[in-house]
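For reference, the structure discussed in these notes is given below.
The values are calculated or read from the model by the stated rules, or taken from the named source; none is laboratory data. Just so you know, these numbers come straight off a predicted model, no measurement behind them. Every residue, glycine among them, receives a Cβ derived from its backbone with ideal geometry; neighbour counts consider all protein chains shown. Accessible surface areas use protein heavy atoms only, side chains included; no ligands, DNA or RNA. Shrake-Rupley method; radii C 1.70, N 1.55, O 1.52, S 1.80 Å.
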Amino acid sequence: PICTILPMDGLGTRRLEVLKGHLHGQGDVKPSECSAVKSSAPMSSTKAEVQRAFPRHRQEVLKWNGWGYKDSRFAIDDKGLTCFHGHRYAIGDVQMPKVVPWMAEEVGLELSQTSFSQPHPSPKELPSPIPCRDFVDEIRPFCADISDEPGDRLFHSHGHTCHELFALRTGKIGRLVDIVVWPANHSQVESIVQAAVKHNVCIIPFGGGTNVSGAVECPANEKRPVASMDMTDMDQILWIDEENLTAHIQAGIIGQDLERKLQDKGYTCGHEPDSLEFSTLGGWVATRSSGMKKNIYGNIEDIVVRVRMVTPQGTVERNFLGPRNSIGPDIHHFMLGSEGVLGVITEVTVRIRPVPQTRRYGSLVFATFESGVAFLREVAKQRCAPASIRLMDNFQFQMGQVIKPVPSLWASFTDQLKKIYLAKFKGIDLKEMAACTLLFEGTAEEVAVNEKRIYTIAASFGGIPGGEENGRRGYFLTFVIAYIRDLALDYSFLAESFETSVPWSRVVDLCENVKTRVKKECKDHGIATPPLIACRVTQTYDAGACIYFYLAFKYTGISDPIGAFDEIEAAAREEILSNGGSLSHHHGVGKLRKPWVQSAISPTGVSMLKAIKQQVDPQNIFGAGNLIPT
Amino acid sequence: MGAPLVIQVAEESSRELKDVQKEAQELLEEIGHKMALPAVRSLALVLRSVLRRILKGVFVNKPGLEKLKEAVRQWPVVLLPSHRSYLDFILVTYLMFEHNITLPSIAAGQDFMNMAGVSSLLRRSGAFFLRRTFGSDKLYKAVFTAYVQTLLCSGDSPIEFFIEGTRSRTAKSLHPKYGLMNMIVEPYLDGRVPDVVMIPIGISYERTLEEELFARELLGVSKPKESTGALLRARTLLGENYGSIIINIGSPVSLHDLCQSKGISRIPHVLYPRDYTMMLTREREMIFDLGHMIVHQTYHCMVVYPSALLASAVLYQSRGVPLGELVPMVEWLRRELEERGVAVYWEGGDTLSLIHSSLQMHSVCVELTSSDLVRPRTCHLMSKLATPSGHTPSMVELLGMTLDSSELHLITEISYVHLMLAHYRNQLMFALIPEAMAALSLYHFLPCDKASALKRFDALHCALYKEFVLPKRVPTEMFQDTMHRLLDRGVVVSQRPGDYTLNSQKEHVLAFLESLVAPFVAGVWVVCHHLLSMKGGVQSVSATVHGAKVLAAKCVKEGVVKSYETLSLDLIRNALQSLTESGLIMQHTSEVEGRDRLVKVDDLKGLQALTRELEVMVTSGPSRAKL
């Protein structure tokens, strides 16, 4: 059949799953079997038996106070050896001896200065929910699930900004959502929103909860009951249109589930944000997310063909599937990046592509970050960027070298040889060099042609090929690097990442100036050891690039670490803007970056947003308070 | 290297691109330094031995040096020393060489380029050259800007330049020059550097090497063109005693912090391409204030030597001070300055011996007579001048008078020594100027009301705007601040708000303060009269300056004006600038190439009013109170 119709009813599918599970002799989906992510990228080729990565109550599998899976984490043992626990990722249970000495040297890690998390707060430590019985009574008959369990409320009340995690870990729990609801389809969402309007309940849509902008945080002064609308029960691919290569999908589907399900049919969506394992399709749309392979598949705004969003005034949608239109300002742009303050995204039609035949990694070494940027700029100019092309600064390169198991004698010998080769024969300073990672996708011929072109351009900028393995490691590290923050938080560090997009002409200066500014601010805030401030160029465009920063510092001896952190991060943001960087490339505004929105889009721009908000949601039902300055 | 601009210049002048490129290359050769350590090392060696012979020592503040060292390691740094001597060029480099700090690239005036050997030596010690004026030479400006900005952005070495543009012959601070300042600020606004750290440095000389040269220049005995020969003749210096030098490094000023505090955002610049230079009005204003601030801070880094106190006392009583009276005068002055936060260099030992050693060092301009009278060296010449006939001539009479050349010569010789002394006295000017101006607007009029004092203060501000680095804004605020200070110190008292009366206990303070600024006001007043005598006609600047100088000489001779400093060409030129600034006169650029600008009175009534206002302050007054 050209068009595969999948069952509309989510409940029906789950029943099927359970039945299937019984047939295989498994009573229920167990956390340990929940993921197939073992290869370098989560987009695994092993056929999954399960339909869903997580159970409804995700905290059973995922950390309540950190990134990712409960069973996956970095830890340092008594001998000072770093180890990644868990078998979900390729580096599972391998000891990495170089991490601790390197961190000690670079950022002043001291194993005695621990700051482990408080235990999960007991129910009575949490604020009791504001009751909303009428609302619950009205939606209970149709809503798939409703919960006011403390664990659910806690999990749905935070994202992954540094200050949210720090608060959780230090037991400073603020305002929590009062109830969590799980709709199963579009019409249920419509009914719940109507009930919320009727009973004046605030709704905060919840996808993967992986935002780093404070977007799902409850506004502290919200007096009404707040309902978190967990979308992850809406995880069905409703249809696939193989002639037009589109698929219509419920917005709550988790990225890895989406890819697995599509790949089972021989297709891919190709959207790979770093949070792919945990974030949802609806979340991508609501934050204007960007994927690693955007050079082939486009960013989320290029991928979506149609979006349905439920607002208090009803559903907004485009009633056609044509590839382009000229009907005034694109209504999609009121939904893309709306950050849950205008409505909730329920269904999305996306473009899909056949799974590529060939995928190949590559890497390059450049004498300096500047020459690497010049190379990227040339690649962008010639419009021949492979699926992904990234440039890591020296610090990130070194970090990648350190997060490695004990090398065999032979491997360490060849490593040494490579170093000598670079230093002596190519005149590359290991303390200055930058590394570029490449991912090629397409047919075998396409990949071969693309590779040749890229390596030729690289040579003219002094780039030296660094092998496929280093490239593979580079991309794989993307998925474990988020776990490193939790390790840092265990040893008195605060850490965060942030991003921007900037014209090519300012890339190098922006990176340099932000680093300088952060170092100065840290010093001015009395932070004794030098901070970690590293960056990489993660995307290339015709007119500029996306830059991603990592910031971490040890807060030992600082009386108000999170206050200092906020000020340093704000200074970094201010420096980014002063150097021609955008307020955000793909993280979104949330609450964290709201103070800069007006200067970024002009007061008139803000008043336009406000007018839309006022018209669509006069009662502020979608009251997360993101994006639009008050 | 500024490639788009090279193309633009080629297009505009319809010249071959490669010719323009070649010219740009040559300009770069002309400008660029060729820092070479061996040269610096040998220079340091020579300098060390020379300084040892003529100086007691060169002192530097260690904490300042540490801060400088740290800043150089982290930031693009601009060193901004005061400028009173050619020695300034090498002193900072020498200091940094001795302390193992990356040596600076120094902006030097192009006049050095004509000195064979010296120019190449300077080049090799890090000097790069700039023309005094860029004129309309777009290419030169572009190449020079690119050169300076590359130095700054590459961050290899600090940049050093003299914000005052030239050596201050009078030892007073000069108005800042903004050309280089703009070039330094631009890269920050455009995000090419994260910050620029500016470090003011005050270099104080106990005895300025060029003291005689400066006095001669101020009187218009033309400055010998810089030549190696002249420098070699300067070898006679070696037999002299020049006391010591103090290099006081001020607190670093962060351009970033300054911009933040003034609400200057870099964001407007990100909407333009990188090579698109533009500067907003408020950024220009910021740079204007920054220039003033740096000059101010540089001067506050300066240390006052006892010689400055001695010179002040001698000029206060230019007919001679008995040695016995000089001691308490100098001590009193020291206290007054220290109360105002001025650092006075005071070696151990009693005041009298300090005065003796100072007298010895400054024997060129001051003498101790056998009757223990301390006076300007040329004091005896005063008696040779025809004594004023008791009748003080009017201005009209003076203008009609002739002065024979021997008299002019005599007067010039006297004022030569006076100007040398003034060079030292002026070193305490920066700390006292507002008070001195207020004192002059009060002293002869007490008791008086605030409105009339303010009116006179206004007139002084207008007359002295260029002479001293005064704030551009309406002087009311400055007057009020200063009055607060004078009232706090009890120099004047106020029975009722807005009314000032003399505190007879402190009359000497008022008298001394007034005496600091009076010569300058008298000078402006003479210039005003000369301008009025032009009766609406036009005169070239040089003729105006000469005319005013001759008039000043006549005034001095007839006792109409007391100070011999009024003959200073610098004073006259500044007066013309101040009057131009306030719109009273106009200076036209002559249409004939190479011709001087023309001066014309623009606002006759205004000029007459100002002249009258100054006249009351200049010509009235009892004899000076004892300090």
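Structural remarks
- Solvent-accessible surface of protein heavy atoms, probed at 1.4 angstrom with all chains present, puts A:Glu149, B:Glu160 in the order A:Glu149, B:Glu160, largest first.
- Taking Cβ atoms as reference points and 10 Å as the exclusive limit, the residues near A:Trp596 contribute a net charge of +2, counting Lys and Arg as +1 and Asp and Glu as -1.
- Size descriptors for the stretch B:365-515 (Cα atoms only): Rg and Dmax, in that order, 19.1, 54 Å.
- Accessible area in the full protein assembly, largest first, 1.4 Å probe, for A:Phe366, A:Phe397, A:Phe116: A:Phe116, A:Phe397, A:Phe366
- When each of the peptides B:486-499, B:524-537 is scored by how many other beta carbons lie within 10 Å of its residues on average, the order from highest to lowest is B:524-537, B:486-499.
- Remark: relative contact order (chain B) = 13 percent; criterion is Cα-Cα distance under 8 angstrom and separation of 6 or more residues.
- Probe 1.4 Å, all protein chains present, accessible-area order of A:Trp182, A:Trp64, largest first: A:Trp64, A:Trp182
- Global geometry of the stretch B:68-148, whether rounded, prolate or oblate, following the gyration tensor of its Cα atoms and the 1.5 cut on a/c: oblate
- Scanning chain A for long hydrophobic helices, with DSSP H runs required to stretch 15 angstrom or more by C-alpha along their axis and to average at least 0.5 on the Kyte-Doolittle scale, returns nothing.
- Legend: calculated FRET efficiency, A:Lys523 to A:Gln382, from the Cβ-Cβ distance at R0 = 56 Å, rounded to 0.05, equals 0.85.
- Antiparallel bridges, percent of DSSP beta bridges restricted to the protein assembly as shown (to nearest 5): 80
- Relative packing of peptides A:72-79, A:469-476 - highest average C-beta neighbours within 10 Å first: A:469-476, A:72-79
- Counting only alpha carbon atoms, the long axis of helix B:17-31 and the longest principal axis of chain B meet at about 50°.
- Between the C-alpha center of the stretch A:150-179 and that of the stretch A:500-518 there is a gap of 33 Å.
- Taking the square roots of five times each eigenvalue of the Cα gyration tensor of chain B, the equivalent ellipsoid has semi-axes of 41, 29, 26 Å, listed largest first.
- Per atom type, chain A shows carbon and sulfur on 56% of its accessible surface, probed at 1.4 Å.
- The angle between the Cα long axis of helix B:405-425 and the main principal axis of chain B comes to about 70°, on a 0 to 90 degree scale.
- Complex-versus-alone comparison for the stretch A:512-527, residues with a loss of 30 Å² or more in accessible area, probe 1.4 Å: A:Asn513, A:Thr516, A:Arg517, A:Lys520, A:Lys523
- Whole-angstrom gap from the stretch A:299-322 to the stretch B:322-390, using each part's C-alpha centre: 90
- For chain A: rounded, prolate or oblate by the Cα gyration tensor [a/c cutoff 1.5]: rounded
- Shielding score for B:188-195, defined as the mean number of other chain Cβ atoms within 10 Å: 6
- When the alpha carbon coordinates of the stretch A:93-137 are projected onto the principal axes, the ranges are 58, 23, 18 Å, largest first.
- Between B and A, accessible area buried - total, square angstrom, nearest 100, 1.4 angstrom probe: 1300
- Three-way shape call for the stretch B:365-433 based on the alpha-carbon gyration tensor, with the a/c threshold at 1.5: oblate
- Averaging Cα coordinates gives a centre for the stretch B:466-495 and one for the stretch B:403-447; these two points are 20 Å apart.
- Over chain B, DSSP H runs of length four or greater, each weighted -39,500 (n - 2.57), average out per residue to a 222 nm ellipticity of -17000 deg cm²/dmol.
- Charge sum, other residues only, whose C-beta stays under 13 Å from A:Gly214's C-beta, Lys/Arg counted +1 and Asp/Glu -1: -2
- In the context of the full set of protein chains, residues of the protein assembly as shown present 41 Å² of accessible surface per residue (probe radius 1.4 Å, heavy atoms only).
- Local electrostatic count at B:Ser363 - Lys and Arg +1, Asp and Glu -1, tallied over other residues with Cβ under 15 Å: -2
- The stretch A:471-630 - percent relative contact order, Cα under 8 Å, separation 6 or more: 24
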